[in-house]
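Here the structure comes first, spelled out in structure tokens, and everything after it is commentary.
Where a number appears in this text, it was derived from the coordinates with a stated rule and is not lab data. These figures come from a predicted structure and were not determined experimentally. As a convention, Cβ positions derive from the backbone with ideal geometry for all residues, glycine included, and neighbour counts pool all protein chains shown.
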């Protein structure tokens, strides 16, 4: 069970429940047994719905995403998406609209707020959607005006330095904020964007260096794990291969 970061876009209500619906990259983190027991049926139904292959893959609709927690003065963005558009794509589209393309998209999470009636009163449940969920399909399974989507930024990002003097002589390092689930290969892509380098991330590698010694970091390793375990004389350097 996970707490949603507090933002002005989330109204306090009589009841709030947060259910994590995660993809394979996050399968090692699971909700508490009580949460899994109480909300298994809803989670299963949302996951099943997300994986449906619609007969009409060209079906389109409007999705309103509340973004107050991302940018002040921007209450929401309305996107025209298909029933095959994933949450990951929605996040990337909104970051593009806000010109935040150099930010780590893994830091941003799409939530679905669902309203129901219990004992004559409104009850709101907050569902964390995995990156492959299809929000337009999820929206259509709810009555009109009984759900909404909210984009928030994780509060547990890791700020680190990536030394880029090997690929950008005018620079020494870049300070970037990354998610704890961002890989080395994804980090390389962010550094290339910050340096305005047009190239493929696979043409570059990250190295762990200490004095004259160095070791290549595998692309699939989580960069936060390396950074949080750095020794005083170690640093992470990006190089072209």
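Kindly put 97, 235 in sequence by how many other C-beta atoms sit within 10 Å of each C-beta, fewest to most.
With the fewest neighbours first, 97, 235 line up as 97, 235.
Set the Förster distance to 35 Å, then compute FRET efficiency between residue 215 and residue 96 from the Cβ-Cβ distance, nearest 0.05.
Efficiency at R0 = 35 Å is approximately 0.50.
Testing the spin-label approximation: label points 7 Å from Cα along Cα→Cβ at residue 203 and residue 75. State their distance in nm.
4.6
Give me the distance in nm between label points sitting 7 Å out from Cα along the Cα-to-Cβ direction at residue 145 and residue 241, one decimal.
The modelled label-to-label distance comes out at 5.6 nm.
Suppose the chain between residue 180 and residue 165 were pulled fully straight at 0.36 nm per residue; how much longer would it get relative to their current alpha carbon spacing?
Gain in length upon complete extension: 2.9 nm.
Report the full-extension gain for the segment residue 233 to residue 116: residue separation times 0.36 nm, less the Cα-Cα distance, to one decimal in nm.
36.6 nm
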